[in-house]
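The values are calculated or read from the model by the stated rules, or taken from the named source; none is laboratory data. None of these values were measured; they are calculated from a predicted model. No Cβ is skipped: glycine too gets one built from the backbone with ideal geometry, and neighbour counts run over all protein chains shown.
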Amino acid sequence: MKKGAKLWRLLSVIFITTLIIMITFLYGVMTKQTIKEVRTNQENSLLALGRQLSIEDQVIAALKNNQSTAALEEYTMKVSEIHGLDFVVIMDMSGIRLTHPDLGKIGKHFEGGDELPALKGAEHLSVSEGSLGESLRGFVPVFDGNRQIGVVSMGIKLTSLSNLIDRTKKDYTMSLVVSVGFGLCLAIAVSYYLKKQLHDLEPQEIARLLEERNAMLEETKDAIVVIDPEDKILLANIEATSMFQRMTNQEEELVGRPLSDLILHMEKLTVESKTEQFYQQNGQDYFVSIAPIKVQKKDIGHVVFLKNATETFIIAEQLVSTTTYASALQSQSHEFMNKMHVIYGLVDLEDYTALKRYLADILKPEKEFAQRLAILVRNPVLAGFLSGERMKFSELKTQLVVEIYPEIPPNVHDSDTQNLLALYRYINRFFMEQTLPEEIVQKIEYEGETLTTTFTLAYSKEQLERFELEFQTSYLTTLLSKAKAEIHWENQQDNWLLMVMTVHYEGVRDDKRINY
């Protein structure tokens, strides 16, 4: 897998880039605003100073006399120094300088040509090239009463103005450098913190783990749900959702519902237990595992695994039944030879009375069950199952009498046999959970690709409605649908209860019979 950028490096670059862009934009805006404010303040200062000089007595006197004095020159130089200006020039109505920082320029015409509006009585600002270079200039007319007698011009060279702006920007630049440095340290710290929160996983690793987790959850045959501390379902895989929809017969989502909607008898489970628990619901068996989910040593919920144990039990029962059936057939072959020897001996002794008693004894149903199964049930899986179920009922002190007529051929489709056994298993388990009578008769008839099974047992009429209510579950409905089967109850006289089940069973014809 191609490796991408490290998470901490990626986060740091993103954070620093964003920070630099924001600070640079802010720096540009603030610098532009600062330049504008510095220039505006300087312009306002020039005009304010010009207005003040225009009303000075010695300025007015010099212009009235049209003659400069040393005192006036010294005064303008001092004002320039105090206000940080490059020059303060006083000129008459002809544009002749009365003062200038360069004494050689006094008495000469003002340079630049931008003094004309002021000579016409208007204050104004301009940027023009003069004897001292390009500068920002302010012009204020001087009046003696209502008569204009001259102009006061003040200016600062653009190089001086740029130096002033640079000094102001220097503080912003230092702030920018400090901010970027602090942002870099903060970005590295935040990236390291987030990396630890993500368990040192890179983005591509997180994506791969998420895909693998989703694949595991969705493809497994076990129902898996994640719940919060209030037993509310936060996550459910496809199998869990399908299980819930089969229970409710509705296409509804499971996420957001309480766990009790999926597991109907929560009181039978211990949430705190980490061991696998056995659980039954709607005729199905489950192995339930509940594990806590911890984040920073704090419980934030549980993950619940429901593994369908029915298939496990089916395989185990089939193994036991097959073993029992095989053992019975093996014993039958040995016993047959022994019986033949006994019969031969009694005939040889001509003790026909003892022979009659012996034949009556060996032909009892319970002793001939395995032999009759071997003859009448040519499907060994079904035969082994019937033999095993009969032993289970005998352990509960109930005799299961199995009557078969005529013989049952092998099934063309193994899946049909499994569906039939699933129905038998469900019915027998239901009966075992009740108070059993001394005898249950199971009559199996095969005719025209239909296998009809009739269970007859002694029960009171009042129990019929309860049986029908408890017997019918969504799981049974699914089994009946898969097996193309039907079940109905009948209540006979003298408190005899009948349950009749018809199942599709396509037997192998004689010319296609399979030898087992």
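Points worth noting:
- Within the stretch 62-76, considering residues that are of a type outside the set (Phe, Trp, Tyr) and surrounded by 14 or more Cβ atoms within 10 Å (Cβ to Cβ), the one farthest from Phe87 (Cα to Cα): Lys64
- Test: residue in the stretch 78-94 that is closer than 15 Å to Pro141 by Cβ, of a type in the set (S, T, N, Q) and at pLDDT 85 or above: yes
- The lone criterion from (1) under 30 Å from Thr248 (Cα atoms); (2) out of contact with any strand residue (DSSP E or B) (no Cβ under 7 Å at 6 or more places or on another chain) left unmet by Leu396 is number (1).
- Within the stretch 356-381, the set of residues being hydrophobic (A, V, I, L, M, F, W, C) and modelled with pLDDT of 75 or more comprises Leu376, Val377, Val381.
- For the stretch 202-228, a residue qualifies if it is in a loop (DSSP other than H, G, I, E, B) and either in contact (Cβ under 8 Å) with a residue 60 or more places away in the chain or on the phi > 0 side of the Ramachandran plot (or both), and the qualifying residues are Glu202, Lys221, Asp222, Asp228.
- Of the residues making up the stretch 108-122, those that are in contact (Cβ under 8 Å) with a residue 24 or more places away in the chain and surrounded by fewer than 17 Cβ atoms within 10 Å (Cβ to Cβ) number 1.
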